[in-house]
Structure formats: C-alpha cells, structure tokens
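Participant: Below is a structure I'd like to ask you about.
None of the figures in this text is laboratory data; all of them are computed from the coordinates on show. Being a predicted model, the structure only gives us computed values, none of them experimental. Cβ placement follows ideal geometry from the backbone for every residue including glycine, while neighbour counts extend to all protein chains displayed.
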Amino acid sequence: MLNKWTGKTWGTLGDSITEAGGYQSFVQEALGFASVINYGKSGCPMTAGGDRDYGATTHVGRTIDSSLDCVTIFAGVNDYRLDKPIGELGSKDVFTFHGAYAALIEDILTKNPRCRLSLWTPLQRDKDQYDIFYVNAAGHRLVDYVEAIRQIGLLYGLPVLNLYAESGLNKLTLPHFTSDGLHPNEAGHRRIADMVVPFLLGL
C-alpha cells in the first residue's frame, strides 16, 4: 500500500493555492508520483460564468489528460469570494456551484472511470473581510460551500478531504500558515501535504 502511487500520474485541479505548486512537490516526494500535472487557475472559481469563466474549474477539468491515475479537485474558496450561487444537489446547471461540480465529476469519470478522484474542501480564510463568518452576496458563508462538497462526495461515492474542518488552519493560526490570511506559505503547503499523504494512501 505504501507504494500504491509510485510511478503513477496525478492531476491537480483548483485555484491559486493549487497553481502555486506548493503542496504537490511535498506529496510527490512522499508518495513517488512519476508526474504531477498542475491545472490550477489563479483567482478562478469552480462555477461557470462571469469574467473569470476562462479559468472556471468546471471548464478546465474537461480538458485534462484522460489517462491520469489520480485526480484531485481543490476548489470553492473563490466561489465564496465571487458570490457564486450554490444551487441544488443533483443539478447540472454549471452556473451554480452544485451543477458545475457535478458536471465536472461526470465528465472526468465518463472519460476516465478508472482514475481515483477525490474532492478537497477549501481551507478557512480571513482576508478582505471574507472570513468564516461573513455572508456573501449570494447569502452563503464559506462553510456552505464546504457542506455542498461533502454532499456531492456522498452522492457520487467520492472521498472528501475536509481541510476546512481538519487542517488546523483558523483565525489563530492563519498568520503562521499563510502570507495574507488566504494563500498558504511554505508551512501552509506542508500542512496541506501532511494531510494529503495519508488521505491518498487510504484510497
């Protein structure tokens, strides 16, 4: 089991935290992935629509290599920041968070049913007044997007890494683990990797 990812390929979908390429190098070193393809798009949400539609994870995810062994989706914090509506579980409306996420999952698994796909929740944040208590213009707190991801995981039988609840990043520790209350520094990326390694080994 300790060698299950040795020589395998991993694709990482997400936003600026993924695009930075921080946690991936630590995980690759620990688990022996032969290659890691970084599909992160800074500043972009999961949900389609708006001026950042070019990098919406639901779109980018449709272009990934269909032979990947492992695919991880680490999105949601920009949906909260950009006031994206959550919508309803089971929806395929890509202009809602639920629909965009479901459409992406179905596209990935239809093209590559053998890949091990997992969903990661956003980390807690405290930047530009958008903290865990702030209600955005769509009427949601950050935890509402976290809960949506948990529900989607249950619907599709996919594992969820709950970084929001279990990473230890909160208003007291964010100054140590991030550069600005949102983006992880090296210590933050190491903390993410510390959770990812046993999580991926358990799949």
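Participant: Mind jotting down a quarter of the surface of the convex hull over the alpha carbons of segment 66-155, in square nanometres, one decimal?
Facilitator: Mean orientational projected area (segment 66-155, Cα hull): 5.8 nm².
Participant: List, in the order given, every pair from K4/K84; K4/K41; K41/K111 whose Cα-Cα distance in the structure shown is over 32 Å.
Facilitator: Listed pairs above 32 Å: K4/K84.
Participant: While we're looking at this one, here's another question. Under a Cβ-Cβ cut-off of 15 Å, what is the net charge of the residues other than G43 that fall near it, where Lys and Arg count +1 and Asp and Glu count -1?
Facilitator: -2
Participant: On the first, second and third principal axes, largest extent first, how far apart are the outermost C-alpha atoms of segment 9-201 in Å?
Facilitator: 41, 37, 29
Participant: Is there a quick way to get the dipole size of segment 71-203? I mean about its Cα centre, with the Cβ of Lys and Arg at +1 and of Asp and Glu at -1; what is the value in debye to the nearest 20?
Facilitator: It works out to roughly 320 debye.
Participant: Could you pull out every residue, at least 5 positions away or on a different chain, whose amide H is within less than 5 Å of the one on L117? Hs are placed 1.01 Å off N in the peptide plane, and Pro or chain starts have none.
Facilitator: V71
Participant: Can I ask one more? Amide H of T178: which non-local residues (sequence gap of 5 or more, or other chain) have their own amide H closer than 5 Å, using H built in the peptide plane?
Facilitator: Here N185 satisfy the definition.
Participant: Apply the Karplus curve 6.51 cos²θ - 1.76 cosθ + 1.60, θ = phi - 60°, to the phi angles in segment 147-152 and return the couplings in whole Hz, x for Gly and Pro.
Facilitator: Along segment 147-152, the couplings run 5, 4, 5, 4, 5, 5 Hz.
Participant: Based on the Kirkwood radius over alpha-carbon pairs, what is the Stokes-Einstein translational diffusion coefficient of segment 1-100 at 20 °C with 1.002 mPa s viscosity, in µm²/s? Kindly include the intermediate steps, with their values, before the conclusion.
Facilitator: Numbers: Rh = 14.1 Å.
D = 152 µm²/s.
Participant: Would you mind ranking D128, D79 so that the residue whose beta carbon has the fewest other beta carbons within 10 Å leads the list?
Facilitator: Fewest-to-most Cβ neighbours within 10 Å comes out as D128, D79.
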